[in-house]
Amino acid sequence: MSEPAALILSLGPADAPRLAALHAEAFDTAWDAAAFETLLGQPGVFAIGNVDGFILCRIVVDEAEVLTLAVRPAARRGGQGRRLTEAAAGLAVQGGAETLFLEVAEDNPAAIALYLSAGFTATGRRRGYYARPDGGRSDARLFSLKLNGRLPTT
C-alpha cells in the first residue's frame, strides 16, 4: 500500500472546481464548484485535503460542523477519511470549537463506522433528509464529538 498524499491545509475558493470534481466522484448527488466557492468564501469555513479526499467544515462560536467529507472511491478503506476527520477536529479546536457535529446518510454504513470509531456519539435522526437518485429518501443520522482540546494531526 502506498503512503497517503500529504494534507493541504489551505484549500480556498480557487480550489472549488477540483473539490466539486472529487465530490462528484464520491457522491451520487454532488455539489457544484459555485457551491464550494461560496462556502469557502464564508467566515469560519475551512477545508483540508489532498488528491484523494477532502473535508469541509464550518466553525461558529464554539461549535464546528462537518459540511462534507469526500474520499475518491479508489482511495477508500485506507484510513483517508479518519486522517481527514482527525485533522479537521484539531483545526476546529484551534478555531475555538468545543464540539464537532455532522450528519451522515443512514444508508452509508462505512461512514457511520468511521465516525463511531473516531469517537462520535449518535445524537439524533432527520427522517427522509437525503434524496436518492432513484427517487427514494434516506434518513440522516446526527453525530457529535466532544473535542476536549484535541491537537491537529496533520
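Since every read-out is calculated from the coordinates, none of them should be taken as a lab result. Here the structure is a predicted model, which is why all the values come from computation and not from measurement. Glycine gets a Cβ as well: all are built from the backbone with ideal geometry, and neighbour counts include every protein chain shown.
Quick notes
- FRET efficiency, 1/(1 + (r/R0)^6) with R0 30 Å, evaluated for R132 and D62 via beta carbons: 0.30
- Highest average first, the peptides 52-58, 130-136 ordered by how many other beta carbon atoms sit within 10 Å of their residues are 52-58, 130-136.
- Here the Kirkwood formula puts the hydrodynamic radius of the stretch 46-154 at 14.2 Å, using every distinct Cα pair.
- Ordering of 67-76, 33-42 by burial proxy (mean other Cβ atoms within 10 Å per residue, highest first): 67-76, 33-42
- Estimated purely from DSSP H runs of n ≥ 4, each contributing -39500 (n - 2.57), the mean residue ellipticity at 222 nm for the chain is -8500 deg cm²/dmol once divided by its residues.
- Near T99: Cβ cut-off under 9 Å, other residues only, Lys/Arg at +1 and Asp/Glu at -1. The net charge is -2.
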